[in-house]
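Trainee: There's a structure below that I have some questions on.
The values are calculated or read from the model by the stated rules, or taken from the named source; none is laboratory data. This is a predicted model, so every value here is computed, not measured. Using ideal geometry, Cβ is built from the backbone for each residue, glycine included, and neighbour counts are taken over all protein chains shown.
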Amino acid sequence: MIRFLILLAAYAFLPHLQYSTGYYILILLVLFPLLNCLLGLLAGMKFGFEWLFPFLSGILFLPFVYLYYNSSAFIYCFAYAVSALLGEWIGASLKGRFSRSN
């Protein structure tokens, strides 16, 4: 639950920090995908692989497309879901490696 609140807070408040085009590009292309991947990695290591987090990480971005960006930002919903899926897959595979007894 906390990972969804972190994403929601980041999606809502990071665009308010600055209003230059370069900053928006930075948060859309670098910060948000890294945050999704990191939260997915942590979730995968703790809970294993689940489809809910990657799906909701993309869905949570939808309202902010209308609030802060334009329709060209819809593709980022898919990109953020894929980055969360990748992080969660890596985290789940790491969980499997470290939980095995030798």
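Trainee: Any chance segment 5-14 includes a residue that's in contact with a Lys or Arg (Cβ under 8 Å, 6 or more places away or on another chain), surrounded by 15 or more Cβ atoms within 10 Å (Cβ to Cβ) and in a helix (DSSP H, G or I)?
Mentor: Of the residues in segment 5-14, the ones in contact with a Lys or Arg (Cβ under 8 Å, 6 or more places away or on another chain) are none.
Taking every residue of segment 5-14 in turn, none turns out to be in contact with a Lys or Arg (Cβ under 8 Å, 6 or more places away or on another chain), surrounded by 15 or more Cβ atoms within 10 Å (Cβ to Cβ) and in a helix (DSSP H, G or I).
Trainee: Counting residues that are more than 16 Å from the chain's Cα centre (by Cα) and among the charged types (D, E, K, R), which helices (runs of 4 or more DSSP H) fully inside segment 29-102 reach at least 1? Even if it seems obvious, please write down each step before you answer.
Mentor: On the way: elements: 32-47, 52-68, 75-99.
Helices (runs of 4 or more DSSP H) meeting the threshold: 32-47, 75-99.
So that you can scan it fast, the table gives a plain yes or no per residue for (1) surrounded by fewer than 12 Cβ atoms within 10 Å (Cβ to Cβ); (2) of a type in the set (Asp, Glu); (3) touching a residue at least 40 places away in the same chain (Cβ under 8 Å):
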position	(1), (2), (3)
His16	yes, no, no
Gly40	no, no, yes
Trp51	yes, no, no
Phe55	no, no, no
Tyr69	no, no, yes
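Trainee: Which of the residues that make up segment 12-57 are hydroxyl-bearing (Ser, Thr, Tyr) and modelled with pLDDT of 90 or more?
Mentor: So the first thing to find is which residues in segment 12-57 are hydroxyl-bearing (Ser, Thr, Tyr), and the list is 19-21, 23-24, 57.
Within segment 12-57, just Ser57 meets the criteria.
Trainee: Suppose the filter is at pLDDT 90 or above, aliphatic (A, V, I, L, M) and under 11 Å from the mean Cα position of the chain (by Cα); does Leu7 pass it? Before the answer, list the steps.
Mentor: On the way: at pLDDT 90 or above: yes; aliphatic (A, V, I, L, M): yes; under 11 Å from the mean Cα position of the chain (by Cα): yes.
So Leu7 fits the description; yes.
Trainee: Determine, yes or no, whether Leu35 is surrounded by fewer than 18 Cβ atoms within 10 Å (Cβ to Cβ), touching a helix residue (DSSP H, G or I) at 6+ places or on another chain (Cβ under 9 Å) and of a type outside the set (Asp, Glu).
Mentor: Numbers: surrounded by fewer than 18 Cβ atoms within 10 Å (Cβ to Cβ): no; touching a helix residue (DSSP H, G or I) at 6+ places or on another chain (Cβ under 9 Å): yes; of a type outside the set (Asp, Glu): yes.
Against the criterion (surrounded by fewer than 18 Cβ atoms within 10 Å (Cβ to Cβ), touching a helix residue (DSSP H, G or I) at 6+ places or on another chain (Cβ under 9 Å) and of a type outside the set (Asp, Glu)), Leu35 does not qualify.
Trainee: Being in contact with a Phe, Trp or Tyr (Cβ under 9 Å, 6 or more places away or on another chain) and either of a type outside the set (Phe, Trp, Tyr) or crowded, with 20+ Cβ neighbours inside 10 Å (or both) is the filter here; which residues of segment 22-32 pass it? Can you show your working first?
Mentor: Here is the first cut: in segment 22-32, the residues in contact with a Phe, Trp or Tyr (Cβ under 9 Å, 6 or more places away or on another chain) are 24, 28-29, 32.
Leu28, Leu29, Phe32 - these are the residues of segment 22-32 that are in contact with a Phe, Trp or Tyr (Cβ under 9 Å, 6 or more places away or on another chain) and either of a type outside the set (Phe, Trp, Tyr) or crowded, with 20+ Cβ neighbours inside 10 Å (or both).
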